[in-house]
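This report concerns only the one structure given below.
The values are calculated or read from the model by the stated rules, or taken from the named source; none is laboratory data. Worth saying up front: this structure is predicted, and the values here are computed from it rather than measured. Methodologically, a virtual Cβ is constructed for each residue, glycine included, from the backbone with ideal geometry; neighbour enumeration extends over all protein chains shown. Quick note on the areas: whole protein, heavy atoms, side chains included, nothing else; ligands and nucleic acids left out. Shrake-Rupley method; radii C 1.70, N 1.55, O 1.52, S 1.80 Å.
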Amino acid sequence: MTLGKVIGTVWATRKDDQLTGMKLQLVQELQLDGKLKDRFIVAVDSVGAGVGETVLFAQGSSARQTDLTRDKPVDAVIVAIVDKLDVTGDAN
Amino acid sequence: MTLGKVIGTVWATRKDDQLTGMKLQLVQELQLDGKLKDRFIVAVDSVGAGVGETVLFAQGSSARQTDLTRDKPVDAVIVAIVDKLDVTGDAN
Amino acid sequence: MTLGKVIGTVWATRKDDQLTGMKLQLVQELQLDGKLKDRFIVAVDSVGAGVGETVLFAQGSSARQTDLTRDKPVDAVIVAIVDKLDVTGDAN
Amino acid sequence: MTLGKVIGTVWATRKDDQLTGMKLQLVQELQLDGKLKDRFIVAVDSVGAGVGETVLFAQGSSARQTDLTRDKPVDAVIVAIVDKLDVTGDAN
Amino acid sequence: MTLGKVIGTVWATRKDDQLTGMKLQLVQELQLDGKLKDRFIVAVDSVGAGVGETVLFAQGSSARQTDLTRDKPVDAVIVAIVDKLDVTGDAN
């Protein structure tokens with residue numbers, strides 16, 4: 001999974017029917033030190049993550065293994081809201 | 001999903017039979033500020049997206065989860081036309 | 001799908017039995033302006049693409065959705081020979 | 001598979017139910033010379049890898065082929081703890 | 001598929017049971033001119049490739065389509081040993 005921060009929401013009325021009702025969150029990737037990377041993704045939210053929260057998202061076919069996204073044309077889904085990172089090894 | 005802008009169309013008469021009738025759109029990736037990235041993809045259009053529109057596309061096996069693309073050799077599909085981005089978190 | 005140009009062929013006699021008879025083409029990725037990128041892939045050819053032709057290739061599990069490649073250990077397949085790109089949006 | 005080093009753990013109480021009980025490890029990618037790359041992933045641990053250990057992780061749908069992760073929204077899993085690398089070819 | 005050169009072997013005694021008996025080879029990616037790229041992967045060997053040989057490897061779910069790797073947590077497999085590259089187009 002990839003570490004990111006929810007920074008906003010995407011609104012789209014014209015879309016594949018299977019996406020109806022899904023919340024599409026903008027998630028920017030995070031470095032280990034909490035700084036934002038220059039990469040973001042649009043992920044379906046399956047855990048009620050709000051803007052500003054640190055999350056984990058899964059990509060690819062694994063993004064279709066939640067109840068909400070099964071068999072849907074979704075390639076990224078938020079699967080967890082992060083409480084804490086314990087970085088105990090030497091990260092650099 | 002990935003944020004992009006439709007910038008053109010690809011024409012191909014010699015192709016896998018399963019692609020017959022599919023519109024192949026050139027989609028260039030977008031930054032959060034609306035500027036174009038130096039990356040593009042060719043995606044099947046399943047939502048009637050025209051040139052100049054901002055879209056979301058899904059990749060990989062998830063690109064085969066629309067009615068149009070199921071079981072086809074397609075690895076990118078446009079799944080939504082974006083109305084608006086709400087970037088409310090600190091994106092940088 | 002990804003835009004590329006066929007620049008050569010790979011010859012391999014010792015290989016997984018399931019690849020027997022498949023033509024393995026070297027495909028270099030293309031920029032929108034027709035220049036070659038510094039990235040290439042080896043793709044199975046399912047449409048009779050010759051050296052010098054501009055093609056689209058599909059990757060990942062989608063590369064196994066042609067008659068030729070179904071259930072084979074193939075992660076890239078040429079699915080179309082490009083006639084023309086219409087880039088009508090502002091690509092930069 | 002990708003070579004990495006376990007450098008820490010992610011704690012998340014609000015998550016997809018299917019992730020309950022899984023240990024989420026921070027794994028930073030390694031170069032051949034043992035130095036850490038500037039890339040990390042969050043992987044489910046299926047082999048009891050501790051912080052500081054060198055591991056191999058699998059990604060994508062292959063990350064769902066362990067007993068622990070089958071059909072779960074998991075896109076990275078640690079599958080081996082590395083004892084030794086024999087680099088006998090000229091690596092540069 | 002991706003072009004690479006076998007440069008070594010990974011030894012791991014503690015691993016997912018499904019990897020038992022598989023040879024895990026270090027494969028460094030190659031440029032078209034035969035120089036090594038700064039990227040490597042650990043791939044299961046299904047064709048008896050030795051150190052120093054030029055190979056093709058498949059990634060993702062396609063890496064599970066050999067007899068050796070089917071349904072295993074393996075995301076890269078060597079599928080061919082390369083005899084020769086014919087680069088007849090203008091590669092630059």
Query raised in the report: Which percent of the accessible heavy-atom area of chain B goes to carbon and sulfur, probe 1.4 angstrom?
Result: 43
Report summary line: The D/A contact buries a total accessible area, at probe radius 1.4 Å and rounded to the nearest 100 Å², of 2500
Query raised in the report: How much accessible area per residue does the protein assembly as shown have, in Å², with a 1.4 Å probe?
Result: 40
**Report entry** In range of the label at residue C:87: residues from the range C:1-36 whose backbone nitrogen is under 14 Å from the point 7 Å along Cα→Cβ
**Finding:** C:3-4, C:30-36
Report task. Please sort by residue number the trypsin sites (Lys or Arg not before Pro) in the range C:7-58 whose DSSP state is loop and whose Cβ has at most 11 other Cβ atoms within 10 Å. Result -> C:35
Query raised in the report: Under a GNM of chain C (C-alpha, springs under 10 Å), which listed residue has the highest mean-square fluctuation: C:32, C:68, C:56?
Result: C:32
Report task. Can you check what the Kirkwood hydrodynamic radius comes to for the protein assembly as shown, Cα pairs only, in Å to one decimal? Result -> 22.4
Report task. Please say if chain A is rounded, prolate or oblate, where rounded means a/c under 1.5 for a ≥ b ≥ c the square roots of the C-alpha gyration tensor eigenvalues, and otherwise the choice is prolate for a/b larger than b/c and oblate otherwise? Result -> prolate
Query raised in the report: Across peptide C:49-61, how many C-beta atoms of other chains are within 10 Å of each residue C-beta, on average?
Result: 6
Query - Sequence-distant aspartates and glutamates (8 or more away, or on other chains) whose Cα lies within less than 19 Å of residue B:84 - result: A:16, A:17, A:45, B:29, B:33, B:53
Report task. Just need the relative contact order of chain B here, percent rounded to a whole number, with Cα pairs under 8 Å and 6+ apart. Result -> 29
Requested in this report: Using a 1.4 Å probe on the heavy atoms of the protein chains only, list every residue of the range D:3-21 that has 50 Å² or more less accessible area in the complete assembly than in its chain alone.
Outcome: D:7, D:11, D:14, D:16
